């Protein structure tokens, strides 16, 4: 069990730029989740996949955000035209199909200048 | 709306003191309940979980939690804390209804500081 891997660990970018994050789940975990965490808050759900199908999206996921999991393995989360409010820690988690718990990665910290 | 409340933002204890962290969730039928811990500089790790059965669940490192359905609560306890328990603790709920079966709803977290 190599754990959930996220890349990069830190991303600093200027407002208006596009950014993409990658998540590699625990192998054989069918479900993959994205969360966002800001200072002083718990993680907030963004979206989740079962295999390659995106099954649920939060209202937090504006049209500037898009997530993919093309082959049912790794996933990418892209934010277009970044805004100051996008500064946060973006967490990825995975779990076996039909059961919990979710295993979390270290996260990608996004800072918008 | 689905929500999770953690009663304490920051708790400071001396080693060997007993710990109880409160967690309440909004009414919503069948739920799965979790406590996660985040040690400084590390990722979220599962402490314990409740799906069904005995409402008193035991987790790692001597932690336990009790599910009280009538109070919509899932409080975390440890009889004697250690300095190494210094961390942030998150309660999380998975509501198993309304088509929303994937995501966890987290509380805001409780920072625990244990003085040696």
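Take every Cα pair under 8 Å in chain A that's 6+ residues apart, average their separations, divide by the length, and report that relative contact order as a whole percent. Spell out each step's value before the answer.
Details: 285 pairs, mean separation 42.2, N = 113.
Reported as a whole number, the value is 37 percent.
Once every Cα of the protein assembly as shown carries one equal point scatterer and solvent is ignored, give the base-10 log of I(q)/I(0) from the Debye formula at q = 0.08, 0.09 Å⁻¹, two decimals.
-0.29, -0.37
How would B:76, A:60, A:32 line up from fewest to most surrounding beta-carbon atoms within 10 angstrom? Could you put the intermediate results ahead of the total?
Working: B:76 23, A:60 12, A:32 29.
The most exposed by this proxy come first: A:60, B:76, A:32.
Could you let me know the centre-to-centre spacing of region A:54-113 and region B:53-83, using Cα atoms, in angstrom?
About 30 Å separates the Cα centre of region A:54-113 from the one of region B:53-83.
Between B:106, B:67, B:51, find the one with the highest GNM mean-square fluctuation for chain B; connect C-alpha pairs within less than 10 Å.
Result for chain B, Cα springs under 10 Å: B:51 fluctuates most.
Based on other C-beta atoms within 10 Å, arrange B:90, A:49, A:74 from fewest to most. Present the calculation step by step, with values, prior to reporting the outcome.
Values: B:90 25, A:49 22, A:74 16.
Taking fewest neighbouring Cβ atoms as first place, the list is A:74, A:49, B:90.
With both partners inside the protein assembly as shown, how many of the DSSP beta bridges are antiparallel, as a percent to the nearest 5? Before the final figure, lay out the partial values.
Numbers: 68 of 77 bridges.
Around 90 percent of the beta bridges assigned by DSSP in the protein assembly as shown are antiparallel ones.
Taking only the alpha-carbon positions of chain B and ignoring solvent, what does the Debye formula give for the base-10 log of I(q)/I(0) at q = 0.09, 0.17, 0.23, 0.24 Å⁻¹?
Here the Debye-derived log intensity ratios amount to -0.22, -0.78, -1.35, -1.45.
Would you mind ranking A:13, B:30, A:82, A:38 by Cβ crowding within 10 Å, fewest neighbours first? Intermediate results must be reported in sequence, preceding the final value.
Numbers: A:13 16, B:30 10, A:82 21, A:38 13.
With the fewest neighbours first, A:13, B:30, A:82, A:38 line up as B:30, A:38, A:13, A:82.
Based on alpha-carbon atoms only, what is the radius of gyration of region A:7-102 relative to the globular estimate 2.2 N^0.38 Å? It would help to have the intermediate numbers written out before the result.
On the way: Rg = 13.1 Å, N = 96, 2.2 N^0.38 = 12.5 Å.
Taking the Cα Rg and dividing by 2.2 N^0.38 Å, one obtains 1.05.
None of the figures in this text is laboratory data; all of them are computed from the coordinates on show. What you are looking at is a predicted structure, and each value in this text was computed from that prediction instead of being measured. As a convention, Cβ positions derive from the backbone with ideal geometry for all residues, glycine included, and neighbour counts pool all protein chains shown.
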